[in-house]
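Only one structure is covered here, and it is reproduced in the block below.
The values are calculated or read from the model by the stated rules, or taken from the named source; none is laboratory data. Because the structure is predicted, anything quoted here is derived from the model rather than measured. All Cβ positions, even for glycine, are placed from backbone atoms using ideal geometry, and neighbour counts span all protein chains on display.
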Amino acid sequence: MVPGAFVRVYFPTQEQPRRPGLLHIGYVLVATAREALLAYTTSQPWPAGSPLPAGVRLFDAAQAAALNQSRPFVLRLDILAKLPMTAPWFPDIGKPAQGVIAIAPRRLQEELVDLASNLVRRRRDLIEMRGL
Amino acid sequence: MAFPARRKPLLAFAFTWHQNRLITQPRKKTPQKVAITLRLEAANARRLQAIAQDENRTLTNYVETVLLRDLLARDEADRVITVFAAPETSSRIEPDDVIRGEGESDAAYERRQAVAVELWSIPDNG
């Protein structure tokens, strides 16, 4: 699995942070040979009038379509998951495409790394690691 | 004279529709507001009044807006970043472990490595 991929993943939940959760499309921010750090995405629209927190990136219908997604979505760099690349977490890992829906273009990948980098630098003390 | 047979159902329909509308579209409640007294130095009050006028607001509305902005900023500052970590994952990473994106520049790759090392180094909060 490569960095910048949008991939089908059982993203963990607040209630059960150590177990595979609901099927979502996650964004691979960092990948190693055995693990990946993914950002949460959801097609639930962001509430109108609510300010966007740092680390949240909205994708409109056109941007979503360019990434092979049928609906606008929200990418949350403030909700991340560090997961092993195994079938319980990635249901399609054994298939040729490994569940990868699309790969973000280089410019978008850089934008998201910069966003994550700023977030981590400014909020280091507010990062909550759950589940190790 | 006999009452036209169709009027009653129409009235009944109108009443039912009105009832449903009341049930399904409750009137929005405006949040209750409380009055507070604010004492400012005259010079500051004049400045605030001038800013409010520039923005076509009343002084009260301007002060309320500024205070709400401050509340939002505080909410934002308190926001936590959550990293879920599966039990089988490692708690340490070397920069060279990070896979480079296709066509990724050296600078972008270094930033990605730095984010990874930083995030991997954070201890579990339980």
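Worth pointing out:
- Here A:T42 meets the list (1) within 13 Å of chain B (Cβ to nearest Cβ); (2) in contact (Cβ under 8 Å) with a residue 24 or more places away in the chain almost entirely, failing just condition (1).
- Inter-residue pairs, beta-carbon under 7 Å, first more than 7 Å from chain A (Cβ to nearest Cβ) and surrounded by 14 or more Cβ atoms within 10 Å (Cβ to Cβ) and in region B:90-114, second basic (K, R) and part of a loop (DSSP other than H, G, I, E, B), 6+ apart: B:Y109/B:R100
- The set of residues in region A:2-39 that are assigned to a loop (DSSP other than H, G, I, E, B) and either under 17 Å from A:L108 (Cβ atoms) or in contact with a Phe, Trp or Tyr (Cβ under 7 Å, 6 or more places away or on another chain) (or both) comprises A:V2, A:P3, A:G4, A:P12, A:P17, A:P20, A:G21.
- Qualifying residue in region A:40-55 (condition: of a type in the set (A, V, I, L, M) and outside any loop (DSSP other than H, G, I, E, B)): no
- Comparison of A:N68, A:N118 shows that the only residue that is in contact (Cβ under 8 Å) with a residue 24 or more places away in the chain, under 16 Å from the mean Cα position of the chain (by Cα) and more than 25 Å from A:E15 (Cβ to Cβ) is A:N68.
- On inspection, A:L119 passes the criterion of being facing chain B (nearest Cβ under 7 Å), among the aliphatic types (A, V, I, L, M), buried (at least 20 other Cβ atoms within 10 Å of the Cβ) and not in a strand (DSSP E or B).
- Any hit, region B:73-81, residues being within 30 Å of B:V115 (Cβ to Cβ), hydrophobic (A, V, I, L, M, F, W, C), outside any helix (DSSP H, G or I) and at pLDDT below 90: yes
- A:L38 being closer than 22 Å to A:N118 by Cα and in contact with a strand residue (DSSP E or B) (Cβ under 6 Å, 6 or more places away or on another chain): yes
- Selection status of A:T41, within 26 Å of B:E94 (Cβ to Cβ) and either of a type in the set (S, T, N, Q) or out of contact with any Leu (no Cβ under 7 Å at 6 or more places or on another chain) (or both): no
- A:Q98 vs. criteria free of Cβ contacts under 8 Å to residues at least 40 places away in the same chain and either in a loop (DSSP other than H, G, I, E, B) or in contact with a helix residue (DSSP H, G or I) (Cβ under 7 Å, 6 or more places away or on another chain) (or both): no
- Within region A:21-30, considering residues that are without any contact (Cβ under 8 Å) to a residue 40 or more places away in the chain and more than 8 Å from the chain's Cα centre (by Cα), the one surrounded by the fewest Cβ atoms within 10 Å (Cβ to Cβ): A:L22
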